[in-house]
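So the structure is just underneath, and the comments pick up after that.
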Amino acid sequence: MHLHGGGVSLGEPDRPIAGPQGKVAQFVVECGFSHAAQDDPIVWPGQPGMSHLHVFFGATDVDAHSTTADLVVGDSTCDNQRDRAAYWAPALMRGTEVLEPVKSTAYYRAGIDVDPQSVHAFPEGFTMVAGNSAADGPQPVSIVAWTCGAGIEREPEPPTCGDGRNLRLGVTFPDCWDGTNLDSPDHHAHVAYSSGGECPSSHPVAILQLQFFVEYPVSGAVDGLQLASGGLHTGHADFMNGWVQ
């Protein structure tokens, strides 16, 4: 997996990014919805049904027993078949109805002001979680945010989207790694976010920054929406590396 390509905007590959990074190298992968399950092979490995309901994308047949080794020999719902990673996020519900996602979109890029030449691909066997599933208030929109379509405006709660612009939940993953651990007990501590274009000394290895968006068939009223993990502030996502190295 390599970082490459020209400057593009979120979801619009023919236009430069209008955000704080300006024109940066990135690539985009769209993955269809695979399935929903109360499984989480990172947080609750080997314990089916222990998690809140998640929606899965990318690698197929992912369950509580899945490992990164399983992913690389399996199938994928992604348009780039070299991407056999597993991505998942809490299901979005309206009352008791589970809203089946339209698709997911993964943007791989350098972190803000990080030199793209310093960025490393995720190592084989790498996993991480971003966002707080137990949040009882708004999370920083730089990490978890709601958007309408591919718009750059980010909100802490679902906005009312106009026709033709579906609601999306976006999660931005850390872009620095400690260089040693493929996971950590809380699934967060082995990674960190860069600041001012630099990684902290505790996490000196710059890695690809994954921005993961889940699109839902929702426009207009947002009444009754709830994430399976709890309130609408509990957005988070999990990543299990299955890329063909």
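The values are calculated or read from the model by the stated rules, or taken from the named source; none is laboratory data. Because the structure is a prediction, the values reported are computed rather than measured. Positions of Cβ are generated from backbone atoms using ideal geometry, with glycine treated the same way; all protein chains shown enter the neighbour counts. Heads up: the accessible areas ignore ligands, DNA and RNA and are worked out on the full protein's heavy atoms, side chains in. Shrake-Rupley method; radii C 1.70, N 1.55, O 1.52, S 1.80 Å.
For this structure, a couple of remarks:
- The set of residues in the range 152-161 that are open to solvent by 40 Å² or more (accessible area, probe 1.4 Å), touching a residue at least 12 places away in the same chain (Cβ under 8 Å), assigned to a loop (DSSP other than H, G, I, E, B) and not polar (S, T, N, Q) comprises ILE152, ARG154, PRO156, GLU157.
- Pairs linking a residue in the range 84-95 that is on the phi > 0 side of the Ramachandran plot and surrounded by fewer than 24 Cβ atoms within 10 Å (Cβ to Cβ) to a residue that is assigned to a strand (DSSP E or B) and at pLDDT 95 or above, with Cβ atoms under 9 Å and 6 or more positions apart or on different chains, are GLY95/GLN226.
- Any hit, the range 209-222, residues being of a type outside the set (Phe, Trp, Tyr), open to solvent by 40 Å² or more (accessible area, probe 1.4 Å), in a loop (DSSP other than H, G, I, E, B) and without any contact (Cβ under 8 Å) to a residue 24 or more places away in the chain: no
- In the range 25-34, the count of residues that are among the hydroxyl-bearing types (Ser, Thr, Tyr), on the phi < 0 side of the Ramachandran plot and not in a loop (DSSP other than H, G, I, E, B) is one or more.
- The range 123-151 - residue that is part of a loop (DSSP other than H, G, I, E, B) and in contact with a helix residue (DSSP H, G or I) (Cβ under 8 Å, 6 or more places away or on another chain) and, of those, least open to solvent (accessible area, probe 1.4 Å): PHE126
- Segments classed as strands (runs of 3 or more DSSP E), wholly inside the range 40-122, with at least 2 members that are of a type in the set (Phe, Trp, Tyr) and under 28 Å from GLY231 (Cβ atoms): 54-58, 86-90
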